[in-house]
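Visitor: Here it is, the structure in full.
The values are calculated or read from the model by the stated rules, or taken from the named source; none is laboratory data. Predicted model, so just to flag it, every value in this text is computed and none were measured. FYI the Cβ positions are ideal-geometry reconstructions off the backbone, even for glycines, and counts take in every protein chain you see. The area values use the complete protein model at the heavy-atom level, side chains included, leaving out ligands, DNA and RNA. Shrake-Rupley method; radii C 1.70, N 1.55, O 1.52, S 1.80 Å.
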Amino acid sequence: MDRVVWFLVVSQRLDPAEPAPRRQPIRHLYVHTPFCAKICPYCAFYVHTGSASEMRTFLDALLREWERVSRDYPVEAETLYLGGGTPSLLPLDAFRRFAEAFHPWEAIEATLEANPRTVTPAKAVAWRELGIGRVSLGVQSLDSEVLRTLGRRHTAEDVKEAVRTLRDAGFKNINVDLLFAVPGQSPASWHETLGGAIALGPEHISAYELTYEEDTPFFKARAAGIWTEDENRSIEMYRTAWRLLEDAGYRQYEISNYARQGCASRHNQGYWKGNDYLGLGPGACSTVGLCRWQNRRDTERYIAALSAGQDPPREHEPLSEEQRQRERLLLGLRTSGGIPASWIGGNSDAALALTRQGLAELSEGNFRLTPEGRLLTDGIAGLFV
Ligand code: SF4
């Protein structure tokens, strides 16, 4: 699941309520595939294992959900994000049927999340033919020890092979997802992973700090004192990423995201601007106007409801305009574009103090945090909401 949506879901409590009213066309679609070959011990997304036949049944249900959603909401998709889970695990025959029926596939930016081990020449060619233009590879690290700690099954060699295969199939837009502040990961290991990722030549690199999500084995290991967090080490690793990636020509356009010129993710930018989006699949979240809802994290009930001609079970939350504006402000401060200076009008003294400390800058009518300031985004946002 996209991390921005995850942030929005975990920061709200969703209650049953009525669906949102019809509004302007929706420009952003997210599709959640809950299947993974193995569950990583730090992962809190809605994921589970499953057979090929279970994946085919899931895809049938997904198509039914799409029929219902596209009947209820006007959709003119500019971006489509196939996340999970591991959508690259889906059997090609079922994926093809889904793609052919799912016409927003022609969206301007269509991204598929992939595990390096699942990328085969046949799949890569088919994904490309079916209109996928961008692949986001879950690499996390190129250090075998760190990969072992994270419970990942792929190797650095698998990553190189996956990138070669995607390039051979014609992909011109590849993202590499990396994690830092992993238990046992040294600054030297992080440095080497960043260097290795840059050498792969992707158009986009995401560098996320590991978070200890509740109910995961990692969370329990930290609670038991087996692992400890080191804030200073995390900050240093963030700075290393910023320095190496910027030097290599990747611009930080959000606290965790770096892209070559013209390759920033349009889908994520849609979230950060506070645009409406629809999410399909179990556990997927949608926000339309002043309503947010989440499909329940239950694949069996999801399939059963859609097979019976019903909507999947959902939880709804009415939003206020103030709440959406707060989210726009918080997400906007994480980006290099920042927020309109008018949004902080009531607290310009604090804004000026931040600019004097080198944590923010005011220019062209925008207030934006510097890379150092972005380290303090949550605290700074608290000054303005
Ligand atoms: S592969 Fe990704 S989605 Fe699947 S369990 Fe691991 S971290 Fe979670």
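Visitor: Of the residues that sit in segment 77-89 and are open to solvent by 10 Å² or more (accessible area, probe 1.4 Å) and under 28 Å from CYS43 (Cα atoms), which one is farthest from the ligand (Cβ to nearest atom)?
Guide: TYR81
Visitor: For segment 165-179, give me each residue that is open to solvent by 10 Å² or more (accessible area, probe 1.4 Å), over 15 Å from SER88 (Cβ atoms) and touching a residue at least 12 places away in the same chain (Cβ under 8 Å).
Guide: Of everything in segment 165-179, those that are open to solvent by 10 Å² or more (accessible area, probe 1.4 Å), over 15 Å from SER88 (Cβ atoms) and touching a residue at least 12 places away in the same chain (Cβ under 8 Å) turn out to be ASP168, GLY170, LYS172, ASN173.
Visitor: Output the qualifying pairs, or none if there are none: Cβ atoms under 8 angstrom, residues six or more apart or on different chains, first residue in segment 73-101 and part of a loop (DSSP other than H, G, I, E, B) and among the aromatic types (Phe, Trp, Tyr), second residue open to solvent by 40 Å² or more (accessible area, probe 1.4 Å) and away from the ligand (no atom under 14 Å from the Cβ).
Guide: Within 8 Å, the pairs are TYR73/ARG22; TYR73/ARG23.
Visitor: Let me ask something else about it. Residue by residue through segment 330-345, note down the ones that are over 19 Å from ASN275 (Cα atoms) and either in contact with a Pro (Cβ under 9 Å, 6 or more places away or on another chain) or touching a residue at least 24 places away in the same chain (Cβ under 8 Å) (or both).
Guide: Answer for segment 330-345, where residues must be over 19 Å from ASN275 (Cα atoms) and either in contact with a Pro (Cβ under 9 Å, 6 or more places away or on another chain) or touching a residue at least 24 places away in the same chain (Cβ under 8 Å) (or both): ALA341, ILE344.
Visitor: Looking at segment 209-242 only, could you name the residues that are open to solvent by 40 Å² or more (accessible area, probe 1.4 Å) and either among the acidic types (Asp, Glu) or closer than 12 Å to LEU178 by Cα (or both)?
Guide: GLU209, GLU213, GLU214, ASP215, GLU229, ASP230, GLU231, GLU236
Visitor: So PRO74 fits all but one of (1) of a type outside the set (Val, Ile, Thr); (2) crowded, with 20+ Cβ neighbours inside 10 Å; (3) more than 30 Å from TRP227 (Cα to Cα); what number is the exception?
Guide: Of the numbered conditions (1) of a type outside the set (Val, Ile, Thr); (2) crowded, with 20+ Cβ neighbours inside 10 Å; (3) more than 30 Å from TRP227 (Cα to Cα), the odd one out for PRO74 is (2).
Visitor: Quick check on this structure: which one of ALA126, ALA122, ALA197, ALA162 is surrounded by fewer than 16 Cβ atoms within 10 Å (Cβ to Cβ) and not in a loop (DSSP other than H, G, I, E, B)?
Guide: That would be ALA122, the only listed residue that is surrounded by fewer than 16 Cβ atoms within 10 Å (Cβ to Cβ) and not in a loop (DSSP other than H, G, I, E, B).
Visitor: Out of (1) of a type outside the set (Lys, Arg); (2) open to solvent by less than 20 Å² (accessible area, probe 1.4 Å); (3) within 16 Å of the ligand (Cβ to nearest atom); (4) not in a strand (DSSP E or B), the odd one out for GLU65 is which?
Guide: GLU65 satisfies all of (1) of a type outside the set (Lys, Arg); (2) open to solvent by less than 20 Å² (accessible area, probe 1.4 Å); (3) within 16 Å of the ligand (Cβ to nearest atom); (4) not in a strand (DSSP E or B) except (3).
Visitor: Read through the list (1) open to solvent by less than 20 Å² (accessible area, probe 1.4 Å); (2) among the polar types (S, T, N, Q); (3) without any contact (Cβ under 8 Å) to a residue 24 or more places away in the chain, then give the number of the only condition that SER206 fails.
Guide: For SER206, the exception is condition (3).
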